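The values are calculated or read from the model by the stated rules, or taken from the named source; none is laboratory data. None of the values given here were measured: they were computed from a predicted structure. Every residue, glycine as well, gets a Cβ built from its backbone with ideal geometry; the counts of neighbours run over all protein chains shown.
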Amino acid sequence: MVASTKASGLDERFSEKILTDVENNVYVERWDVSSNELGLGQGWRIGKRRLYGGVSDSVDIVTVDNGCLSFVVVPTRGMGIWKGEYGGAFLGWDSPVKNLVHPHHITLEARGGLGWLDGFNEWVVRCGLSSFGAPAIDIVRDNQGREQNVMLTLHGRIANLPANLVKIRVGLRPPHEMGVEGTVCERTMFGSNLKLTTSVVTTPESNTIEVLDTVENLRGIRDEMQLLYHCNYGSPFLEDGGRLVAPFRCVAPRDAAAAKGVDSFNVFGLPTKGFVEQVFFMELLADSKGRTKVMLVNSDETKAASLSFSVKQLPYFTLWKNTASKDEGYVVGLEPGTGFPNPKRFEREKNRVVKLGPAGRYRAEIALSVHLGKDDVQKAIDEIDEIRGGTKPTVAKEPIREFSQV
Amino acid sequence: MVASTKASGLDERFSEKILTDVENNVYVERWDVSSNELGLGQGWRIGKRRLYGGVSDSVDIVTVDNGCLSFVVVPTRGMGIWKGEYGGAFLGWDSPVKNLVHPHHITLEARGGLGWLDGFNEWVVRCGLSSFGAPAIDIVRDNQGREQNVMLTLHGRIANLPANLVKIRVGLRPPHEMGVEGTVCERTMFGSNLKLTTSVVTTPESNTIEVLDTVENLRGIRDEMQLLYHCNYGSPFLEDGGRLVAPFRCVAPRDAAAAKGVDSFNVFGLPTKGFVEQVFFMELLADSKGRTKVMLVNSDETKAASLSFSVKQLPYFTLWKNTASKDEGYVVGLEPGTGFPNPKRFEREKNRVVKLGPAGRYRAEIALSVHLGKDDVQKAIDEIDEIRGGTKPTVAKEPIREFSQV
Amino acid sequence: MVASTKASGLDERFSEKILTDVENNVYVERWDVSSNELGLGQGWRIGKRRLYGGVSDSVDIVTVDNGCLSFVVVPTRGMGIWKGEYGGAFLGWDSPVKNLVHPHHITLEARGGLGWLDGFNEWVVRCGLSSFGAPAIDIVRDNQGREQNVMLTLHGRIANLPANLVKIRVGLRPPHEMGVEGTVCERTMFGSNLKLTTSVVTTPESNTIEVLDTVENLRGIRDEMQLLYHCNYGSPFLEDGGRLVAPFRCVAPRDAAAAKGVDSFNVFGLPTKGFVEQVFFMELLADSKGRTKVMLVNSDETKAASLSFSVKQLPYFTLWKNTASKDEGYVVGLEPGTGFPNPKRFEREKNRVVKLGPAGRYRAEIALSVHLGKDDVQKAIDEIDEIRGGTKPTVAKEPIREFSQV
């Protein structure tokens, strides 16, 4: 790892190491760097490994430990974040799918388009980029210019595509920002050609990870894009009596199953055998700059995990309550997105699908933070209260036509 | 490889070596052990390799040679047994699919759900675990609790899933039992979560391999399971005039094609160009403990391959006669299972699908033996005769409603 | 690499190196040879690499440089030719799919059978072998002898199957022919079993690559075969005012979109945003031995790329005009084949599907040449003129029933 020698001021501030660059035949199987080695800051380390054996064979992972918060980025699975840890608190969830699954073991088309679920166990996984949401038929134009019915598979392709470019960057100057950068291309001839460029960054001893994404349309023509961040939490943040704190503007249950639970939509219960998922669609209030924050708080308000983002970038928010038994995946998903995870055709009708012109770019950023101790949790609750400013949310008791196919 | 130092008496009796443990980042690419090296018994050896190139790239195999009988276990393909050899006699068959095919080259959904056939060349391959049998539509409950039609693919997923845990065990005390243990998980979020734990064991100079399997339902709820052992033999056990010796209780042809051959259902002919498979469904008699034995015997009764198992564990037996030309796969399959390889919906109707509660386990064991020489073969025939005890089988001339969709 | 020591005169003339032989557990990850090293000829080199990272992870490539012309053969992708270069001119095209994609990232069944397009970026890619052409339903006979509707996916399987045998051969005597040989098997139980054996050869300082293929039916029964060479060119051979020079006998547009462009079917325009592909089906004139030649010539006739082949082997020729914007893939495909890339059922009706008996073989050869400079280009034009011999082509203004489903 060497400090950049480029003339640009920007690059001189960083030391960087390319781990994968398919275009230029660069691939580093195993690599480590630490504060000691670089003499920059202290207590942090970054390591890259290739896994072997079983369903994880040939999966690349990058582990970043900022001294307090550690997390595992998975280049082979679309630069998702597998799991993390902060102050002894586990970040992520305990999926029935225990190991990282190489995309080559996933057939998205399996079981009516639900194959995505065979590899679903990340803390943070992107859904998209050409489409996300429930499997459904969509009409697309084929190479001959004809309209064809095609099956869009659950949550799209991006989480099962490997990054073609992966690098590590460490800031030479305080606060020594450090992170993993990656490029994942979702592309095909005669179809979408969307390039995701992501930086997953933190600073030493911080309680926060920032995910800084840009999606670019590389096609010569205007095309569609959908992006949703499926951020999933189990214990210890999720527990009986835990709740979602957020500046709700309007909330509606997705379907009849969710409608049954709408009165306590933001409160979570014990693991419940046979619980059928309840999904709530919502819009959030934001501050004058468009920033908002949502937070999962445990029952005694000593542990919380928050997401901060802009409603200009991610205007729709989905809450996935899946408080099933531990064996079935006791989990809630906090899901800011460019739309709701309905079939794409419905989202298109409702103008919740992004359109990008040639070379058009879409930026989305999320900060994922952890708050431990009553004081820190209360501080974050106060921030959300300030965004809310006393506005009472509209909570529909039944699914609404604007949000759901009902 | 070190002898276990655990306090447990069980473990002190074995020396073991972990070859793959995805959970704990253990993976051994190449490894060998032998009687000489360990000073235990003589003439046996075990070796582990990773294959490279072509369709077999990245496939792991473990070869066990007990001094007389050798066989190849394939962790990458669900712990199936590729092929074996005993006293110069080949165990397995000559499939049109010549090499071990890595699951990543298999799309089970291909050609209407027949993709499984693209990798089918094992001596012993498990079908299951969530379903086996002909591709067909089934109704399953999805994440939203709705009933969905999904395509179940031929013979299910288990043969194309890699083991996440693989170890070798050798008994420190005579008879120095040795074998390969593996764990394969067939699981998805919102779907089945079945863990297969298998031991494939033998003892030095034995003519027998034992396959000792346990399938556990890791879901929090009751779920279904199907398991069938597709044990396939070609030359030299299969030949013109060879036959299946077994304590038949009742036998029925699967369909019209099989009905044509029902009068000689247990006798095999020469390789026949254009032969269309004939499948017979049957129930077998057993001894007072439920043990039974079936055996493929060559024409002059000097070579035989038998399966011993319990009808309590595997109550239904399927005979697959596929005496097509050598190029097409001249083979018979002896298939003890929890049901018949019909579409799962039909098997469910007939109560031939296993249901396992949370943490419920299902055990199944098969002993695969080889008998060479007239005396040994006759001894095994006598054993089967004793089980039969003079009972005459019921042989239906046409498919019956209890067994077949007719 | 050692000169053959076999008694056969044929083998004594070659030095050979086996790089992959799955049957015999041979795999060479990295290997190089050159004229200097062997002391044979001068200026040439051959190198073999395994790629790592991203979508190209575990892809094997062999680069042959004859001193003037270099090209990259991809054993992992059916022995296709990724790209080449001759005298500074790039051979191939700039696909939206930028990197070599390992077949395990391709699901041919995706998006209604268009998954093949996710990996499509080769200069020369074979379509076939059991079927090629547009995705469509076909009726095939299954293991039970029943007719089943199955989806045939775009352009078949061969381009996404790895070679099980790969070797390098260099002639010991002038002209020191050198090349890559490979065997790719497209096979399944109860289905097609077609073995492609290919040699991709050149000689030092030549402007030509020869692709010498044999497809053999390994089934015990008569079976079908389809083979088409999708040879794709972008800049610098394709440009505004470039044209296809060929001894056309009859030409017809595939469909209405092509009919619009039929008056200038053999002339190419600038990259055009939103251009919908135009496909022309044709038959070509040939010399007395059946040899013909087609050539893509740039606008000032200083650069040309030609294909020479026999109309006895490849009687049907398809021109794929896809002069879309650079970002969408500005490309023309020259496609000699055993038929046209229509749905297979239609081709079967028109007797354009090859039938091979057991052990039946089909040979097909193509010479790919580059012509730089007005003189060389003119010489090749003259050759084509001689084949044409003054015959005027029949050009249908509308699709014709013999060629198209209209």
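Kindly evaluate C:Ile209 against the criterion of being more than 8 Å from chain B (Cβ to nearest Cβ) and more than 30 Å from C:Lys48 (Cβ to Cβ). Criteria not met by C:Ile209. When the range C:109-146 is filtered for residues that are among the β-branched types (Val, Ile, Thr) and touching a His at 6+ places or on another chain (Cβ under 8 Å), the ones remaining, listed by number, are C:Val124, C:Val125. In the set (1) more than 8 Å from every other protein chain (Cβ to nearest Cβ); (2) within 30 Å of B:Lys273 (Cβ to Cβ), C:Gly145 fails one condition alone, (1).
Annotation: of all residues in the range B:120-150 being farther than 22 Å from C:Gln148 by Cα and acidic (Asp, Glu), the one that is farthest from the chain's Cα centre (by Cα) is B:Glu147. Residue pairs whose Cβ atoms lie under 6 Å apart, separated by 6 or more positions or on different chains, with the first residue in the range C:336-350 and closer than 20 Å to C:Leu319 by Cβ and the second small (Gly, Ala, Ser), are C:Pro341/C:Gly133; C:Asn342/C:Gly133; C:Pro343/C:Gly133; C:Pro343/C:Ala134; C:Pro343/C:Ala136; C:Glu347/C:Gly339. Considering (1) closer than 23 Å to A:Lys48 by Cβ; (2) touching a residue at least 60 places away in the same chain (Cβ under 8 Å); (3) among the polar types (S, T, N, Q), the lone condition that A:Thr183 does not fulfil carries the number (2). Within the range C:85-92, identify whether any single residue is free of Cβ contacts under 8 Å to residues at least 60 places away in the same chain, assigned to a strand (DSSP E or B) and either charged (D, E, K, R) or surrounded by fewer than 23 Cβ atoms within 10 Å (Cβ to Cβ) (or both), and answer yes or no. Yes, the range C:85-92 has at least one match.
Residues of the range A:233-273 that are under 18 Å from B:Asn143 (Cα atoms), crowded, with 16+ Cβ neighbours inside 10 Å and among the aliphatic types (A, V, I, L, M): A:Ala257, A:Ala258, A:Ala259.
Mind checking whether some residue in the range C:242-251 is under 30 Å from C:Gly41 (Cβ atoms) and out of contact with any Phe, Trp or Tyr (no Cβ under 6 Å at 6 or more places or on another chain)? Scanning the range C:242-251 turns up no residue that is under 30 Å from C:Gly41 (Cβ atoms) and out of contact with any Phe, Trp or Tyr (no Cβ under 6 Å at 6 or more places or on another chain). Answer with yes or no whether A:Glu224 is within 14 Å of chain C (Cβ to nearest Cβ) and among the acidic types (Asp, Glu). No, not satisfied. Scanning the range B:319-329 for residues that are in contact with a Pro (Cβ under 8 Å, 6 or more places away or on another chain) and either within 22 Å of B:Gly128 (Cβ to Cβ) or within 9 Å of chain C (Cβ to nearest Cβ) (or both) yields B:Ala324, B:Ser325, B:Lys326, B:Asp327, B:Glu328, B:Gly329.
Only one entry of C:Ile158, C:Ile209 meets the criterion of being surrounded by 24 or more Cβ atoms within 10 Å (Cβ to Cβ) and in contact with a Gly (Cβ under 6 Å, 6 or more places away or on another chain), and that entry is C:Ile158. Residue count for the range B:238-277, restricted to those that are over 26 Å from B:Ile387 (Cα atoms) and either among the hydroxyl-bearing types (Ser, Thr, Tyr) or within 12 Å of chain C (Cβ to nearest Cβ) (or both): 12. The set of residues in the range A:274-290 that are in contact with a strand residue (DSSP E or B) (Cβ under 7 Å, 6 or more places away or on another chain) and either acidic (Asp, Glu) or surrounded by fewer than 17 Cβ atoms within 10 Å (Cβ to Cβ) (or both) comprises A:Glu277, A:Glu283, A:Gly290.
You will find that of C:Asn164, C:Asn160, C:Asn143, C:Asn149, the residue that is out of contact with any Leu (no Cβ under 6 Å at 6 or more places or on another chain), in contact (Cβ under 8 Å) with a residue 40 or more places away in the chain and over 30 Å from C:Asn25 (Cβ atoms) is C:Asn143 and no other.
Considering A:Leu108, A:Leu19, A:Leu100, the condition of being within 11 Å of chain C (Cβ to nearest Cβ), on the phi < 0 side of the Ramachandran plot, buried (at least 16 other Cβ atoms within 10 Å of the Cβ) and part of a loop (DSSP other than H, G, I, E, B) is satisfied by A:Leu108 alone.
Being at pLDDT 95 or above, buried (at least 22 other Cβ atoms within 10 Å of the Cβ) and facing another protein chain (nearest Cβ under 8 Å) is the requirement here; does A:Leu117 meet it? Against the criterion (at pLDDT 95 or above, buried (at least 22 other Cβ atoms within 10 Å of the Cβ) and facing another protein chain (nearest Cβ under 8 Å)), A:Leu117 qualifies. Residues in the range A:45-68 that are within 18 Å of B:Val28 (Cβ to Cβ) and either among the polar types (S, T, N, Q) or over 21 Å from the mean Cα position of the chain (by Cα) (or both): A:Arg49, A:Arg50, A:Leu51, A:Tyr52, A:Gly53, A:Gly54, A:Val55, A:Ser56, A:Asp57, A:Ser58. Within the range B:362-402, restricting attention to residues that are over 21 Å from the mean Cα position of the chain (by Cα) and either farther than 20 Å from B:Arg243 by Cβ or of a type in the set (Ser, Thr, Tyr) (or both), the residue that is surrounded by the fewest Cβ atoms within 10 Å (Cβ to Cβ) is B:Arg401. Within the range A:170-195, the set of residues being away from chain C (no Cβ under 13 Å) and of a type in the set (A, V, I, L, M, F, W, C) comprises A:Val170, A:Leu172, A:Met178, A:Val180. Residues that are away from chain C (no Cβ under 14 Å) and assigned to a loop (DSSP other than H, G, I, E, B) within the range A:58-84 comprise A:Asn66, A:Gly67, A:Cys68, listed in sequence order.
Against the list (1) away from chain B (no Cβ under 11 Å); (2) buried (at least 24 other Cβ atoms within 10 Å of the Cβ), the condition C:Lys167 fails is (2).
Contact map, the range B:22-50: residues that are without any contact (Cβ under 8 Å) to a residue 24 or more places away in the chain and farther than 19 Å from B:Arg77 by Cα paired with residues that are assigned to a helix (DSSP H, G or I) and not hydroxyl-bearing (Ser, Thr, Tyr), Cβ distance under 9 Å, separation 6+ or inter-chain. Pairs shown: B:Arg45/B:Asn36; B:Arg45/B:Glu37. Mind listing whichever residues of the range A:120-155 are surrounded by fewer than 20 Cβ atoms within 10 Å (Cβ to Cβ), of a type outside the set (S, T, N, Q) and over 25 Å from B:Glu109 (Cα atoms)? Listed by number, the residues that qualify are A:Gly145, A:Arg146.
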